[in-house]
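Chemist: Structure incoming, see below.
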Amino acid sequence: MKTADFFFDLPEALIAQRPPEQRGQSRLMVLDRETRSRSHRMMGDLPTLLEPGSLLVFNNSKVRKARIYGIAESGAQVEFLLLNRRDPHIWTFMAQRSKRRRPGSRYAFEGGLGAEIIDAKELSDQSNIGLRLLRFDSPVDEAWLDRYGHIPLPPYIKREDTPADSDRYQTVYAAVPGSSAAPTAGIHFTREILDTLEARGMETAFITLHVGPGTFLPVRAENIEDHVMHEETYTIDEETAAKIERAKAEKRRIIAVGTTSLRALESAWDETTEKLRRGEGATSIFIYPGYTFKVVNQIFTNFHTPESTLLMLVSAFAGREFILESYKEAREGRYRFFSYGDVMLIQ
């Protein structure tokens, strides 16, 4: 299957540059896979659209202020996106024109902190393509990033981050710092909507998958089968695993809130024991048409970018033609796209 099979034209005016005035006010397109029909609702309607007893699985990873700016020895400013902390001084990163960022290059950061790019031979396998290592002269932790870092808004948002993004590019239930991009499906949920879901008999559970390049990097291969995903880490605790196994046994609906929740669940499912693997894991799973889903019955997700792995994932779930038809209807209806945009429920 070709990457070009997942292309669609999108007017720039439909790319949401800011969130709605209030959280929870996004439009909601509901897709029925069985009847291949669509309806148009609002986010606040979601609790009335789900079967009582359904289990919603959320990703509680917290976006860190992972975008930082360094000054090179030449005086040029360079943007870095920090990904994983390997020890108190060393982080993996991605950067603008990353091939120019060679071992030995030094940069000055805010707070009087210096850093040097070091050799990264251990990151040479395909799942780490494009990553580098940055060694800081002093430890860099969440407190330093909170003070000097910036919210890592995606490149299609054509503005600098603001203090408001620290709240809105984050879910209300975010708990575990580690993501370099938001699990954006969860951004639509308010405390009030979560309370209403509970009052109507829904069950909730939380996994943690730290969102990294595996989620948002473009597919550059002509054939999608040749694309290699970056590895991302996740954690599924005993309580969540037991809830999911019980829901499956009782044939209740399991709804992945976001593609990251879905990827963690599908990666952790053991087909031999028909149980979820507990604890920490890592996944580079790439889901595209032809994949057989093992855990999830419904997906709640944003509108994704053309030719992306996320669009391929929802196409695997609902069918490529049905998804592209739905995206066409969304464009004609002036839905807002991508991270701060509107949302869909695929039943």
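Residue-by-condition table, conditions (1) in a loop (DSSP other than H, G, I, E, B); (2) at pLDDT below 95; (3) exposed (fewer than 13 other Cβ atoms within 10 Å of the Cβ); (4) touching a Ser or Thr at 6+ places or on another chain (Cβ under 9 Å):
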{"site": "17", "(1), (2), (3), (4)": "yes, no, no, no"}
{"site": "20", "(1), (2), (3), (4)": "yes, no, no, yes"}
{"site": "31", "(1), (2), (3), (4)": "no, no, no, yes"}
{"site": "39", "(1), (2), (3), (4)": "no, no, yes, no"}
{"site": "53", "(1), (2), (3), (4)": "yes, no, no, no"}
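Chemist: Quick one: in segment 225-279, of everything that is among the small types (Gly, Ala, Ser) and not in a helix (DSSP H, G or I), which residue is farthest from residue 186 (Cα to Cα)? Full working, then the answer.
Modeler: Going residue by residue through segment 225-279, those that are among the small types (Gly, Ala, Ser) are 241-242, 247, 249, 256, 258, 261, 264, 267-268, 279.
From what's left, not in a helix (DSSP H, G or I): 256, 258, 279.
Working: 256: 10, 258: 7, 279: 22 Å.
Among those that are among the small types (Gly, Ala, Ser) and not in a helix (DSSP H, G or I), it is 279.
Chemist: Which pairs turn up if I take residues in segment 245-268 that are over 19 Å from residue 209 (Cβ atoms) and look for partners that are part of a helix (DSSP H, G or I) with beta carbon separation below 8 Å, at least 6 apart in sequence or on another chain?
Modeler: These pairs meet every condition: 253/247.
Per-residue answers, yes or no, for (1) of a type in the set (Phe, Trp, Tyr); (2) surrounded by fewer than 19 Cβ atoms within 10 Å (Cβ to Cβ); (3) at pLDDT 95 or above; (4) more than 21 Å from residue 21 (Cβ to Cβ):
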| position | (1), (2), (3), (4) |
| --- | --- |
| 155 | no, yes, no, yes |
| 164 | no, yes, yes, no |
| 167 | no, yes, yes, no |
| 189 | yes, no, yes, no |
| 201 | no, yes, yes, yes |
| 205 | no, no, yes, yes |
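Chemist: Take the residues in segment 265-282 that are surrounded by fewer than 20 Cβ atoms within 10 Å (Cβ to Cβ) and touching an Asp or Glu at 6+ places or on another chain (Cβ under 9 Å); name whichever of them is nearest to residue 338 (Cα to Cα).
Modeler: 282
Chemist: Could you say which residue among 310, 324 is part of a helix (DSSP H, G or I), of a type outside the set (Asp, Glu), farther than 22 Å from residue 37 by Cβ and touching a residue at least 60 places away in the same chain (Cβ under 8 Å)? It would help to see each step written out before you state the result.
Modeler: Values: 324 fails: farther than 22 Å from residue 37 by Cβ.
Step by step, each of 310, 324 is checked, and only 310 is part of a helix (DSSP H, G or I), of a type outside the set (Asp, Glu), farther than 22 Å from residue 37 by Cβ and touching a residue at least 60 places away in the same chain (Cβ under 8 Å).
Chemist: Take residue 70 and decide whether it is touching a residue at least 24 places away in the same chain (Cβ under 8 Å), within 26 Å of residue 205 (Cα to Cα) and surrounded by 14 or more Cβ atoms within 10 Å (Cβ to Cβ).
Modeler: Details: touching a residue at least 24 places away in the same chain (Cβ under 8 Å): yes; within 26 Å of residue 205 (Cα to Cα): no; surrounded by 14 or more Cβ atoms within 10 Å (Cβ to Cβ): yes.
In short, no.
Chemist: Now for a separate question. Identify, by number, the condition in (1) out of contact with any Gly (no Cβ under 8 Å at 6 or more places or on another chain); (2) in a loop (DSSP other than H, G, I, E, B) that residue 45 doesn't meet.
Modeler: With respect to (1) out of contact with any Gly (no Cβ under 8 Å at 6 or more places or on another chain); (2) in a loop (DSSP other than H, G, I, E, B), residue 45 is out only on (2).
Chemist: Any residue at all in segment 327-335 that is surrounded by fewer than 19 Cβ atoms within 10 Å (Cβ to Cβ) and in contact with a helix residue (DSSP H, G or I) (Cβ under 9 Å, 6 or more places away or on another chain)? Give the steps one after another, and end with the answer.
Modeler: Going through segment 327-335, the residues surrounded by fewer than 19 Cβ atoms within 10 Å (Cβ to Cβ) turn out to be 328-329, 331-334.
Imposing the further condition that a residue be in contact with a helix residue (DSSP H, G or I) (Cβ under 9 Å, 6 or more places away or on another chain) reduces the set to 331, 334.
Yes, segment 327-335 contains a residue that is surrounded by fewer than 19 Cβ atoms within 10 Å (Cβ to Cβ) and in contact with a helix residue (DSSP H, G or I) (Cβ under 9 Å, 6 or more places away or on another chain).
Chemist: Since residue 48 meets every condition but one in (1) under 30 Å from residue 319 (Cβ atoms); (2) of a type in the set (Ser, Thr, Tyr); (3) in contact with a strand residue (DSSP E or B) (Cβ under 7 Å, 6 or more places away or on another chain), which condition does it not meet?
Modeler: If we test residue 48 against (1) under 30 Å from residue 319 (Cβ atoms); (2) of a type in the set (Ser, Thr, Tyr); (3) in contact with a strand residue (DSSP E or B) (Cβ under 7 Å, 6 or more places away or on another chain), just (3) comes out false.
The values are calculated or read from the model by the stated rules, or taken from the named source; none is laboratory data. Computed from a prediction, not measured in an experiment: that's the story for all the values here. Please note: Cβ atoms are built from the backbone with ideal geometry, for glycine as well, and neighbour counts cover all protein chains shown.
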